[in-house]
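Okay, so here's the structure we're looking at.
What follows draws every value from the coordinates through simple rules; no lab data is involved. Quick caveat: nothing in here was measured; it's all calculated off a predicted structure. For neighbour counting, all protein chains shown are included, and Cβ atoms are generated from backbone atoms with ideal geometry for every residue, glycine included.
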Amino acid sequence: MGKKVLIVILILLFGVTLFSFFFFLNKDDEKSIDELLLDKGYSDNEVALILSKVSENDYSDVLELGYDKSLINILSSAEYNENNFSNYIEYYMKNKDSNINDIITIVNSGYDLSNYPASSLLASLVKEKYYINDNVARYLDYGNSHNADVKKVIGMVNSKADLGFYSVSYDSNLNYNNLVLVNKFFHLKEDYIPSDLVSLGGQYNRGANSRMRKEAADALMKMVDAAKLDNIILYNASAFRTYDYQENLYNKYIQRDGQEAADKYSARPGYSEHQTGLCSDLNVIDDSFEGTDEANWLLYNAYKYGFILRFPKGKEDITGYKYEPWHYRYVGLEAAKIIHDDDITLEEYYAYYIEKN
Ligand SMILES: [Zn+2]
């Protein structure tokens, strides 16, 4: 009897020992993620944060990183997006000294910027509406070498002004019709004359160059009529001009002021918007027009008729022209509203809405 009990006890003891051995072996092998993170040095709160913000697929990335306070900063950001987790870590590894919020913003943009160092300039660029990813290297070049706000950096590069006026030259694409771009980078051929020019007459014109393209002329007359109801008298002073006319004008200015000065206020032949038949110099073609009731009415209302102030104040570096309160360009209602509301130039509109696509 005693022997039997002893054998049973021995068997039980052996069993318990064996069970315990495997149980603990097993347990050590399959430590929970909580325990592994605690082992790395994360606090209980940090572990809870990691578990609530990182998907299971990315746990291995976290463990590989080891203890890193920046991980906690990434996860604590209001801009944190779980789907971008591995991109944050990858970009962070290359930019360990950079601001975490910049890293998050740059990754969240969705553009592949992994080859560009994280910086506050890059982070503010990608947040801009008119950011074009193909231009990023030039944005960074211009932004790092000029003390300019980020909107100006984007405007300068999108308009190509960063390359230098007249430094490269392209044929204007006439297929864009009302949105054709003619400036110090895009030019019209010597013999281009629009086929649908009409003459502005009567109260609408007081100048020798009275022709505009039909749609633009109709819009201009509508605008002049509307202004009159507000007791504002507008009239065309100079609209369509031929290549030859512009050539004579430009050469006259060069003789008077020299080329460098002439380039600031007069277009070279082929590079004048007046050859498009889509613009009009209204009322008074000199600086005295600025601040008049007529000029102010145009500033507030022209876009409602499809016209934009073509060479605005403060945008001289982008358009290449000094402020011309009298020069209005027809672009159609849709583009005019965007250009007016977003305070951009035709150059910037063209780069983003036409050239990019
Ligand atoms: Zn003009």
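Below are the figures for this structure:
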| read-out | value |
| --- | --- |
| Sites Ile254 and Asp230, calculated FRET efficiency, Cβ-Cβ separation with R0 51 Å, nearest 0.05 | 0.80 |
| Crossing angle, helix 136-145 versus the chain [Cα axis fit, 0-90 degrees, rounded to tens] | 80 |
| Charged-residue dipole, Cβ positions (Lys, Arg, Asp, Glu), the chain about Cα centre, Debye nearest 20 | 440 |
| Theoretical gain in end-to-end length, Ser109 to Lys313 [0.36 nm per residue, Cα-Cα removed] | 70.3 nm |
| Within straight-line cross-link reach of Lys96, lysines at Cα separation under 30 Å, skipping those fewer than 8 residues along the same chain | Lys31, Lys40, Lys53, Lys69, Lys127, Lys129, Lys151, Lys152 |
| Straight-distance crosslink candidates among lysines, where the alpha carbon sits under 30 Å from Lys189 and sequence neighbours closer than 8 are dropped | Lys160, Lys214, Lys252, Lys264, Lys313, Lys315, Lys322, Lys337, Lys356 |
| Aspartates and glutamates whose Cα lies under 17 Å from that of Lys184, excluding same-chain neighbours fewer than 8 positions away | Asp162, Asp171, Glu247, Glu260, Asp263, Glu273, Glu316, Asp317, Glu324, Glu347, Glu348, Glu355 |
| With Cα atoms, 0 to 90° folded angle of helix 44-53 axis to the chain main axis | 50 |
| Label zone at Ser169 (point 7 Å along Cα-to-Cβ), backbone N below 20 Å, region 260-288 | 260-277 |
| Rounded tilt (10° steps) of 333-342 against the dominant C-alpha axis of the chain | 60 |
| For q = 0.28, 0.29 Å⁻¹, Debye-computed log10 I/I(0) when each Cα of region 26-97 counts as one equal scatterer | -1.55, -1.64 |
| The chain: antiparallel DSSP beta bridges as a percent of all, rounded to 5 | 75 |
